[in-house]
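Chemist: Structure provided below as structure tokens; questions to follow.
The values are calculated or read from the model by the stated rules, or taken from the named source; none is laboratory data. Because the structure is a prediction, the values reported are computed rather than measured. Cβ: placed from backbone, ideal geometry, glycine included. Neighbour counts: every protein chain shown.
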Amino acid sequence: MRTAPRPRALTRTARVTPVPAPGRARGLVLVLGPVLALLLTACSGSGTTTAADPAAQDDTGGSTGTASSTPDPGTDPSTSPTAEPTVGTYPGFGPTSYSYTLVVGCFCPDGGSPVRVTVVDDEVVSAVYLRGGGRGGVEKGQEAPAYRWVSLDDVIDAANDTEADQVVVDWPDGQDFPSAVAVDTDERMADEEISYQVRDVEVTG
């Protein structure tokens with residue numbers, strides 16, 4: 001009597017997915033990490049609008065752009081006005097024909113007596129006392145002596161006396177001539193000081 005063969009047991013082979021070694025896994029992360037980051041950035045930026053910087057817009061909503069670092073020519077130090085004039089650098093009086101009132105302060109007979117000086121073509125043509133009196137007893141309308149024939153340029157020359165021990169000048173801003181000049185030629189000497197007061201300037205040419 002033949003014995004039937006015993007059936008074979010069925011065996012199933014399972015597929016095993018190999019697990020990468022730890023070092024290889026880190027390598028994959030390092031390679032795929034930047035790619036994933038780029039993908040995430042692209043996705044997050046899709047369909048969105050970046051807000052403009054409020055500081056870069058003007059009142060009308062337009063962009064003002066980047067501020068220029070180029071200095072304004074109007075504030076360039078090389079184009080700024082020069083320093084104010086001082087003794088030795090005061091400019092001469094421009095007009096050549098004019099008249100003005102001169103009061104000379106000094107230890108002299110006519111000190112303090114106003115004189116009306118007339119200049120034509122840069123030459124003094126007359127100098128007349130406007131008031132009488134003084135220590136010298138001058139009379140109104142009297143012609144002043146030659147040392148009172150002083151032009152405005154002569155007064156400015158006194159303001160530019162760099163050899164004097166002391167010069168004090170009152171020259172208002174925007175004015176073409178000084179209002180007063182006081183000169184002390186030698187501080188060791190007495191009674192040699194002299195001053196000039198200028199007023200009522202009338203330009204005729």
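Chemist: What's the total number of residues in the stretch 148-157 that are in a helix (DSSP H, G or I) and surrounded by 20 or more Cβ atoms within 10 Å (Cβ to Cβ)?
Modeler: 3
Chemist: Spot the failing condition for Gly65; the list is (1) at pLDDT below 95; (2) surrounded by 13 or more Cβ atoms within 10 Å (Cβ to Cβ), and only one is missed.
Modeler: Only one criterion in (1) at pLDDT below 95; (2) surrounded by 13 or more Cβ atoms within 10 Å (Cβ to Cβ) is unmet by Gly65, namely (2).
Chemist: If you scan the stretch 166-203, which residues turn out to be exposed (fewer than 12 other Cβ atoms within 10 Å of the Cβ), part of a loop (DSSP other than H, G, I, E, B) and under 36 Å from the mean Cα position of the chain (by Cα)?
Modeler: Hits for the stretch 166-203 are Pro172, Asp173, Gly174, Gln175.
Chemist: Any idea how many residues of the stretch 117-147 are surrounded by 12 or more Cβ atoms within 10 Å (Cβ to Cβ), under 22 Å from Val203 (Cα atoms) and small (Gly, Ala, Ser)?
Modeler: 3
Chemist: If only one of Thr101, Thr96 is of a type outside the set (A, V, I, L, M, F, W, C), surrounded by 14 or more Cβ atoms within 10 Å (Cβ to Cβ), within 20 Å of Val183 (Cβ to Cβ) and at pLDDT 95 or above, which one is it?
Modeler: Thr101
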